[in-house]
1. State the Cα centre-to-centre distance between segment 482-537 and segment 382-438 in whole Å.
2. If you add up the charges near residue 307, with Lys and Arg at +1 and Asp and Glu at -1, over every other residue whose beta carbon is less than 9 angstrom from its beta carbon, what do you get?
3. Just name one of 209, 287, 553: the one whose Cα is farthest towards the positive end of the charge dipole of the chain (beta-carbon charges, Lys/Arg +1, Asp/Glu -1).
4. How long is the gain from residue 356 to residue 513 if the chain were fully straight, where each residue apart is worth 0.36 nm and the alpha carbon distance is subtracted?
5. Among [x] 26.5; [y] 27.9; [z] 29.6, only one was calculated for this model; which label is it, if the read-out is Kirkwood radius over Cα pairs in Å?
6. For the chain, with the dipole built from +1 on Lys and Arg beta-carbon atoms and -1 on Asp and Glu ones, taken about the Cα centre, which of 429, 503, 196 lies farthest toward the positive end?
7. Please give the peptides 306-316, 142-152, 467-477 ranked by average Cβ packing (other Cβ atoms within 10 Å per residue), highest first, as a rough proxy for protection.
8. What accessible area per residue comes out for the chain, rounded to a whole number of Å², with a 1.4 Å probe?
Amino acid sequence: MASAEKEERGVNIEEEPKKAMDLDTILVKEIGQIGCFQFRILGLAVSMAIFAAWAAAEFNFTTARIPTRCLIPECETEESFEFRAPWVLNAVPPAGNSFDQCRRYRNISSIAAFSSDDSCPAEWFNPDSIKDCEVHLYENTDTVVHTFGLACDEWRRTLIGSIRTFGTLVALPITGYISDRWGRRTALSINAFTTAWMGIVRYWSNTYIGFLISEVMESTFSGGFSCAYIILMELMGPKYRVAAGASLNTSFSIGLVLLGFIAWGVPDWRNLTLTLYIPQLLTFSYFFLMAESVRWYMSKNRFEDAAKVLKTAAKINKKELSDKSLELLREHALEEERKKADERVRSVNEPWLVVLVFRHKRILVRCVVSPVWWITTTFIYYGMSINAVNMSGNRYLNYVAVSAVEIPGYWAAVVLMARIGRKPVLICAFWVCCICQIGYIFIPNDQYAASLALYLVAKFSIAMVMTSIYVYTSELYPTRYRHSLFAFSSMVGRIGSIIAPLTPAFGAAVWDDLPFAMFAGFAFVSGLLVLFTPETLGTTLPDTMEEASNLGLKKTEP
């Protein structure tokens, strides 16, 4: 970008030092920051984001709760029953606006004649004596709850989501290795296609363990989206990268919205699985349609391959790319490699990063509080999506609304962070989310519109946090250690996404509104912890530990 500005002032780029011709300069000056080539990559990345959303969230519907109740053998059989029979409250305890799903009244006599008519009189049952179901009846057979007999077993039902989320944690090093060894495009194609066929195979799962293994194996190879994101960011001009990143987040949310409508139209879990995963077999073609990462080619000294990608980009964008620019880019890449080699030699005698962090107390504080932000953000974000299908009303429309409200949340964060700062956005978003969770707990069950409104505001707020936390965390740490410290916070944050699927089981075991009380508590504490870190709006990204430690400190006059 600096080279482009100098040329605008009349400075010939060939008179610049060779190190000035980096990839961003070529994008700005010769290929174009955005054009038909970048739009093609963006289109492929958007479709990848939608597919990734389907794969990441389908368990919300395939493992969703099904209304159940006890079989009352005195009045019905498994082959012939009316789920919401008019007499059901004579034999089953009430629960809110419905009836208990896991218990029934004991009958008065140990031997009761089967009712030959449609009546099941209350006199047959003792409301003071309650027992667990011996046999369960299901309102429908749409999810694995019926297939694997999980009627009142919330822990095994919700464990599916947690185990699947754990698989995404394992996916990070696997995808990273494939990406670094054979390229971003190769990792994307392998992971995306493997996700597709493994998802399809799950259609034939006939046991709980088999289904669980299928979910884990598929999620372990679910890192294709990150590869598409990297390729897009490297080939998009600096001016449009923020917008491109926000567009991919928006596409992911659009995928969730589409998932809600698809699940509504195809409720049976086996048919839904095929509907979602068969189209993803098309990702095999991404190997031929997606360009490889230019930076990866250069890191492997494959400069001719990198040049081919850049020339193709220039041709599609109807631009001219000079051989001199490619030669300067090569020299720049070699110089960067030499610098990295020298840096590795110097770092041998330097203290470990952990030691450096403990030497800088302000950095240590950030390393303690930022993982809490990430745990809170992933816990609430995924927890609210999961619990949306258990709210009163239409589960599919609830899920669609909760997913759609993320989109304005992403863009609101982008706008507000640039105007009022990072800290005010994060603190307000965390605390608004907290207040909404508390309000949701106390709203009566029959106030559907009000409870949904609060739920949507809370999801909007946590979506703002999701966008802001990426930017803010990266700005708190020095350039040399930024990736390592950022990755530490992000990886610890996965704890939240692993625990989130278990929240319905927490509610069933302890208190129905416990998940929302937990969301409120985490959001309040995280908002409070933001007060212990400096504002970074308008500051230069720190390069050293000392510069990072001094962020937010007022400079004194000499």
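1. What the calculation gives is 14 Å, centre to centre.
2. Numbers: positive: 308, 311, 330; negative: 304, 305, 323.
For residues surrounding residue 307, the net value is 0.
3. The residue sitting farthest along the positive end of the dipole is 553.
4. Details: separation 157, 0.36 × 157 = 56.52 nm, distance 4.30 nm.
Full extension of this stretch gives 52.2 nm more.
5. [x]
6. 429
7. Working: 306-316: 18.7, 142-152: 20.3, 467-477: 22.2.
Order by mean packing, descending: 467-477, 142-152, 306-316.
8. Numbers: 26280 Å² over 558 residues.
So the chain comes to 47 Å² accessible per residue, rounded to a whole number.
The values are calculated or read from the model by the stated rules, or taken from the named source; none is laboratory data. Quick caveat, the model's predicted, so the values are computed rather than measured. Counting neighbours? That spans all protein chains shown, and the Cβs are built from the backbone with ideal geometry, glycine included. In case anyone asks, the SASA skips ligands and DNA or RNA and just uses the protein heavy atoms, side chains included. Shrake-Rupley method; radii C 1.70, N 1.55, O 1.52, S 1.80 Å.
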